Every structure is written in C-alpha cells, then in structure tokens.
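The next block holds one structure in the form of structure tokens; read it before the comments.
The values are calculated or read from the model by the stated rules, or taken from the named source; none is laboratory data. Keep in mind the model is a prediction, meaning the values are calculated, not measured. Ideal geometry is used to build each Cβ from the backbone, glycine not excepted, and the neighbour counts take in all protein chains shown.
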Amino acid sequence: MITIHGMADSGNCYKPRLLMALLGRPFRHAEVSWRDGGTASKAFRQKTPIGKIPLLETGDGRFLPESNAILCHLGEGTRFVPDDAFERARMLAWMFFEQYSHEPNVAVRRSLLCYPEMADVATPERLASTLRGGNSALEVMEERLAGHDWLVGDAPSLADIALYAYTHVADEGGFDLAAFAGIRGWLARVTALDGYRPRDWLPGA
Ligand SMILES: N[C@@H](CCC(=O)N[C@@H](CS)C(=O)NCC(=O)O)C(=O)O
C-alpha cells in the first residue's frame, strides 16, 4: 500500500489525499510537519533531499516528491486524466500555473496570516504582493470557470484537484471570493463529487 507523508493542514498534502478519496483507493497517512522540524530532520532528508511535503512512498519503497507529480503518478490511467493528448497538456498547463502563479500567492499569503511561525516574514510588502498576485491568479481561473464547469474539457481532472486545494481556503489568506461567482460554483461542484473528503480527513479516521 502507498503512504503519503505529509501534514494534515497543508493544501499541497491534501491534493493526493483528495485524489485517493475520489478514486476510493486505500493509503496510509504518515504525519510529517515543518512546524516541529520534521521536514528538516536527517531521516526525512534521506528520503527526499528537497525536504518538502507531500512525499509519496510507493508500496515497493520508492519516493516521489512534488504534489502535482504525485497527482500525475496516482492519476495515471484514471478518469481524472483526459485521453486526448492536447487536453492532457492543457491539464498540465493549469497544474504548472498552480505552482508558479497561484500557490506562491494564495497559499503563501494564507500561511503568512495563519501560522504564528511565519509572523516575522509577514511584512506589509509581502502581504501586498501576494494579495495582488493571488487576485490575478483567481481572475485567470474565473475567466475559465465563468463559462465552464471544469478547468479542462467537460469533466473534472487532476487540474481541478490541484487548484481546489488552496482555492477553497483562499478566504483564510484574506482573499474575497464574492466577486468570483464562477469559482464559487466550481468549488461547490468539487465538493459534490462522489467520494469527496474535506481537507482535515485522514484515512482510517
Ligand atoms: N512544490 C511543492 C511545494 C511543497 C511545499 O512547499 N510544502 C511545504 C508544506 S505545504 C513544506 O514542505 N514546507 C517545508 C519547508 O519548506 O521546509 C509541492 O507542490 O509539493
């Protein structure tokens, strides 16, 4: 059975948990957190030199970092990956957008505001630039979701899972979704998917 090493509260770690829940597949959760030094420990760095969570451990003892790479691996051959090569590339485009334009603003602003450990780096300049960048990313999503149910094609894909993780808690980062009706409708559609589990759900809990 696979193990997902990660932190219950992290959106990046929620992505593979949500996919596994939607697929109805069993897995183990192993709690590793940056808050207590777990990701910096020698034992964890031996598994992944990047020292970040989530980290996938396969049943045969191999390790894979990076939440969206983990989604691609676990989602291979499932209904969450489009059959068409171009649509598959579109899905990847949204996942790269998530890592470069969305997560560094929407998720980072949330961590600056929610975690006391981050208080000393939550400068007014950083809060302002992540607010600007996060709202730009949300506008890009809104442009698509105002007229479509899903980010790619007409069915949920790994891109929706990747972008759901931090968009659904954007308010905790001080983002107001009131003006983003398309995004709000899409969030409700993800929540209504068969097998959906919330962020704080852990297997066996
Ligand atoms: N690009 C990575 C980012 C992972 C990441 O930043 N994880 C955070 C928790 S959400 C972490 O491990 N931080 C620990 C650290 O930076 O030391 C991914 O998508 O998996």
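So which of Ala93, Ala85 ends up being surrounded by fewer than 15 Cβ atoms within 10 Å (Cβ to Cβ), closer than 16 Å to Tyr164 by Cα and at pLDDT 95 or above?
Values: Ala85 fails: closer than 16 Å to Tyr164 by Cα.
So the residue among Ala93, Ala85 that is surrounded by fewer than 15 Cβ atoms within 10 Å (Cβ to Cβ), closer than 16 Å to Tyr164 by Cα and at pLDDT 95 or above is Ala93.
Would you mind stating whether Thr58 is touching a residue at least 40 places away in the same chain (Cβ under 8 Å) and in contact with a His (Cβ under 8 Å, 6 or more places away or on another chain)? Break it down stepwise before answering.
Values: touching a residue at least 40 places away in the same chain (Cβ under 8 Å): yes; in contact with a His (Cβ under 8 Å, 6 or more places away or on another chain): no.
No, not satisfied.
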Filter result (touching a Ser or Thr at 6+ places or on another chain (Cβ under 9 Å) and either in a helix (DSSP H, G or I) or of a type in the set (Phe, Trp, Tyr) (or both)) within region 23-59: Leu23, Phe27, Trp34, Thr39, Arg45
Residue that is nearest to the ligand (Cβ to nearest atom) [pool: residues in region 109-143 that are touching a residue at least 40 places away in the same chain (Cβ under 8 Å) and of a type in the set (Val, Ile, Thr)]: Thr130
Any hit, region 187-197, residues being surrounded by fewer than 17 Cβ atoms within 10 Å (Cβ to Cβ), touching a residue at least 60 places away in the same chain (Cβ under 8 Å) and among the aromatic types (Phe, Trp, Tyr): yes
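So, of the residues in region 29-51 that are among the hydroxyl-bearing types (Ser, Thr, Tyr) and more than 8 Å from the ligand (Cβ to nearest atom), which turns out to be nearest to Gly11 (Cα to Cα)? Lay out the reasoning, then the answer.
Initially, region 29-51 is screened for residues among the hydroxyl-bearing types (Ser, Thr, Tyr), giving 33, 39, 41, 48.
Adding the requirement that they be more than 8 Å from the ligand (Cβ to nearest atom) leaves 33, 41, 48.
On the way: Ser33: 13, Ser41: 21, Thr48: 19 Å.
Filtering first and then ranking leaves Ser33.
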Residues (of a type in the set (S, T, N, Q) and in a helix (DSSP H, G or I)) located in region 108-123: Ser111
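Quick check on region 41-54. Is at least one of its residues closer than 20 Å to Leu193 by Cβ, touching a helix residue (DSSP H, G or I) at 6+ places or on another chain (Cβ under 9 Å) and touching a residue at least 24 places away in the same chain (Cβ under 8 Å)? So that I can check it myself, show each step before the final result.
Of the residues in region 41-54, the ones closer than 20 Å to Leu193 by Cβ are none.
For region 41-54, residues closer than 20 Å to Leu193 by Cβ, touching a helix residue (DSSP H, G or I) at 6+ places or on another chain (Cβ under 9 Å) and touching a residue at least 24 places away in the same chain (Cβ under 8 Å): absent.
Of all residues being assigned to a loop (DSSP other than H, G, I, E, B) and over 23 Å from Glu172 (Cα atoms) in region 1-22, which is farthest from the ligand (Cβ to nearest atom)? Just the residue, please.
Going residue by residue through region 1-22, those that are assigned to a loop (DSSP other than H, G, I, E, B) are 1-2, 7-10.
Next, from what is left, pick out any that are over 23 Å from Glu172 (Cα atoms): 1-2.
On the way: Met1: 21, Ile2: 16 Å.
Across region 1-22, the extreme among qualifying residues is Met1.
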Failed item in (1) free of Cβ contacts under 8 Å to residues at least 12 places away in the same chain; (2) closer than 24 Å to Leu23 by Cα; (3) of a type in the set (Gly, Ala, Ser), with Ala178 passing the rest: (2)
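Per-residue answers, yes or no, for (1) within 14 Å of His102 (Cα to Cα); (2) β-branched (Val, Ile, Thr):
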| site | (1), (2) |
| --- | --- |
| Thr130 | yes, yes |
| Asn135 | yes, no |
| Glu143 | no, no |
| Asp154 | no, no |
| Asp160 | yes, no |
| Ile183 | yes, yes |
| Val190 | no, yes |
Residues of region 151-201 classified as more than 25 Å from Gly75 (Cα to Cα) and in a loop (DSSP other than H, G, I, E, B), total: 4
Pairs where the first residue, in region 12-31, is more than 11 Å from Leu202 (Cα to Cα) and in contact (Cβ under 8 Å) with a residue 60 or more places away in the chain and the second is of a type in the set (D, E, K, R) and surrounded by fewer than 23 Cβ atoms within 10 Å (Cβ to Cβ), C-beta under 7 Å, 6+ apart: none
Subset of region 52-106 [more than 10 Å from the ligand (Cβ to nearest atom) and at positive phi]: Gly61, Gly77
Pair list, Cβ under 8 Å, 6 or more apart: region 144-162 residue closer than 8 Å to Gly182 by Cα, other residue assigned to a helix (DSSP H, G or I) and β-branched (Val, Ile, Thr): Leu145/Ile183
